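K.L.:
Just passing along the structure, written as structure tokens.
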Amino acid sequence: MLNVDKNTESQTANNRLIPLCLGVAILFAASVQQLGAADANDVRKKIEDLSAPNEMTRVFACQSLASVNAKDEGTAVDALIGALGDLSGSVRLAAVTAMGKIGPGAKKAIPNIIECYQRDTVDKATVIRILGSIGSDSTEAIEFLIEVVRGGKGDVVRPLDSKKPPKAVRQEAIVTLGKIGPKAQKCIPILLNIVNITAIDIAHNEQIFQATVDALSIIGVGDKRVMSALKPFQQGKGFPAKSKGSQAFDHAIISADSAVKRLEQSEPATIAEPKNNMPVSRDLKNAN
């Protein structure tokens, strides 16, 4: 009899818990739904603020759109693309920077961001960095960065002292391509050309030489051309005689040495030797 009473009490307790659990579940679901609605309303408010008369309100709206939920990224990017046409340079800069923070989710804005560079409506170096953040998988972004490094369209590398684009901007593009890595392998011939050009006048091109060999040590892993091109510089060759003993000369050798060692440490089991635009693998022992 005692056992029956205990079972009855247990069943009664369970019957009381079921409605309670259901109630908690319903409240939780309602809270999630309200939170989603609040998020949507918040995004709409931020987008509305992009049309505010106050400049700083529009800047803050751009900044806040960089941190929306993944499901709202598309809407945020569309709004930020619109903000690239703002009369305020601060707002345009904030819009580009926000899309950089969003990253690959803002990939559809690449043509608009490139246009900002071409029309000089946003700082060029900033545009290049943002393209690296957004477009590491974008052929369009990589092709454009290569064009900046080259100094224009075509196959010829423009003189580095040209102001269109400035040397500092071209260097920023080289650094960005290096961060993209092997996906930017198409730029290797251009970068090898830049290395040779800068080495001739290393005293005035020390920084861009260092940036280029560093980028090649990341992009050119497994590419036999890169190793072959950098080893002479590692040995102090390829520089004008008058530069020997200078600080720029010493720094250049250190940079080349670091790049070669990084390539050696990163070498895969085979070295790629391009032939007819198709990589051909050769056993390391035979290559040596």
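K.L.:
Which entries of K163/K242; K45/K101; K108/K183 show an alpha-carbon separation above 23 angstrom in the structure shown?
P.N.:
From the list (K163/K242; K45/K101; K108/K183), the Cα-Cα distance tops 23 Å for K163/K242.
K.L.:
Just the number, please: Stokes-Einstein D of the range 48-135 in µm²/s, Kirkwood Rh from C-alpha pairs, 37 °C, 0.692 mPa s.
P.N.:
Result for D is 264 µm²/s.
K.L.:
A52's amide H: which non-local residues (gap 5+, or another chain) put their own amide H closer than 5 Å, with H modeled 1.01 Å from N in plane and none for Pro or chain starts?
P.N.:
Under 5 Å from the amide H of A52 lies no amide H from a residue far enough along the sequence or on another chain.
K.L.:
Give me I219, I110 ranked fewest to most by other Cβ atoms within 10 Å of their Cβ, as a rough exposure proxy.
P.N.:
Ascending number of Cβ neighbours within 10 Å: I110, I219.
K.L.:
Counting other C-beta atoms within 10 Å, which of M99, M56 has the fewest, and how do the rest follow?
P.N.:
So the residues, fewest neighbours to most, are M56, M99.
K.L.:
Can I ask one more? Which of the trypsin sites (Lys or Arg not before Pro) across the range 133-174 are loop residues per DSSP, with 11 or fewer other Cβ within 10 Å?
P.N.:
Loop-located and lightly packed - K153, K163.
K.L.:
For every other residue with a beta carbon closer than 11 angstrom to the beta carbon of V127, add +1 if it is Lys or Arg and -1 if Asp or Glu, then tell me the sum.
P.N.:
Residues close to V127 contribute a combined charge of 0.
K.L.:
Using the Karplus curve 6.51 cos²θ - 1.76 cosθ + 1.60 with θ = phi - 60°, what ³J(HN,Hα) values do you get for each residue of the range 226-237, in whole Hz, with x for Gly and Pro?
P.N.:
Computed from phi, the couplings for the range 226-237 are 5, 4, 5, 6, 8, 4, x, 5, 4, 8, x, 9 Hz.
Read-outs: derived from the displayed coordinates by stated rules, not from any lab. What you see is a predicted model; the values in this text were computed from it and never measured. Heads up, the Cβs are rebuilt from the backbone with ideal geometry, glycines too, and the neighbour counts pull from every protein chain shown.
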